[in-house]
Amino acid sequence: MRCTKCGFPVNINWKYCPNCGKKIFRSDFLSEFDRMCQEVLEEIQGSQLMNSKIKKIKEPKSSIIINGFDTIYEFYLPNINQDKINIRKVGESLELRAVKNDTLFFKIVKAPSNAYISEKEYNNGVFRVIVKGK
Ligand SMILES: [Zn+2]
């Protein structure tokens, strides 16, 4: 890991960068995905709905196909209850959440900012979402 200010190699357990003195925050070294996972976990743990059931987060495999003005996203979610799949448009991203037993499948993919979700379906372990617009 490197200091986010000067790039000097640092250890996550250090309090300050020995080169430039910047305070080291654990969260500085999380990837954007990890950071979002953590936020989602906290949100879930704070909600009554799925409280205490979720023990782990996994990132499902996915693929993106661009077809004219449509973008087709496929998320691989085998043997999941369709009612437990949730997808929403957040800014320039699509946010997928799906729950199976104690696992949350969570993924963020880029989507055009003014596009909208026009179709979604779940078939044979694949959750397909069609987004229209650019
Ligand atoms: Zn530094």
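Coordinate-derived values only; no laboratory data. Given the structure is predicted, the values throughout are model-derived calculations rather than measurements. Cβ: placed from backbone, ideal geometry, glycine included. Neighbour counts: every protein chain shown.
Other residues with beta-carbon under 13 Å from the beta-carbon of Lys15 carry, at +1 per Lys or Arg and -1 per Asp or Glu, a net charge of +2. Taking Lys55 as the anchor, which lysines have their alpha carbon closer than 30 Å to its alpha carbon, excluding any fewer than eight residues away along the same chain? Filter leaves Lys15, Lys84, Lys89, Lys100, Lys107, Lys110, Lys120.
If R₀ is 41 angstrom, what is the calculated FRET efficiency for the pair Arg128 and Arg26, using the beta carbon separation as r and rounding to 0.05? Before the final figure, lay out the partial values.
Values: r = 37 Å, r/R0 = 0.90.
According to the calculation, E is roughly 0.65.
Taking a Cβ cut-off of under 11 Å around Phe69, the surrounding Lys, Arg, Asp and Glu residues balance to a net charge of +1, with basic ones at +1 and acidic ones at -1.
How would Val131, Val90, Val99, Val40 line up from fewest to most surrounding beta-carbon atoms within 10 angstrom? Write out the running numbers ahead of the final one.
Values: Val131 24, Val90 10, Val99 20, Val40 17.
Lowest to highest Cβ neighbour count: Val90, Val40, Val99, Val131.
By the rule of a second cysteine Cβ within less than 4.7 angstrom, the chain holds isolated cysteines at Cys37.
What's the longest piece of the chain with no exposed chymotrypsin sites (Phe, Trp or Tyr not before Pro), counting a site as exposed if DSSP puts it in a loop and it has at most 13 other beta carbons within 10 Å?
Values: sites that count: Trp14, Phe25, Phe69.
In the chain, the maximal stretch lacking such sites is 70-134.
Taking 0.36 nm per residue of separation and subtracting the Cα-Cα distance, what length does fully extending Asn13 through Asn79 add?
Gain in length upon complete extension: 19.7 nm.
If eta is 0.890 mPa s and T is 25 °C, what Stokes-Einstein diffusion coefficient results for the chain, Kirkwood Rh from Cα pairs, in µm²/s? Could you put the intermediate results ahead of the total?
Numbers: Rh = 16.9 Å.
The calculation lands on 145 µm²/s.
Taking the longest Cα principal axis of the chain as reference, the axis of helix 32-46 is set at about 70 degrees. Its Cα centre serving as origin, the stretch 52-132 has a Cβ charge dipole (Lys and Arg +1, Asp and Glu -1) of approximately 360 debye. From the residues Gly133, Val90, Asn67, which one has its Cα farthest along the dipole of the chain in the positive direction, the dipole being from +1 and -1 charges on Cβ of Lys/Arg and Asp/Glu about the Cα centre? The residue sitting farthest along the positive end of the dipole is Val90.
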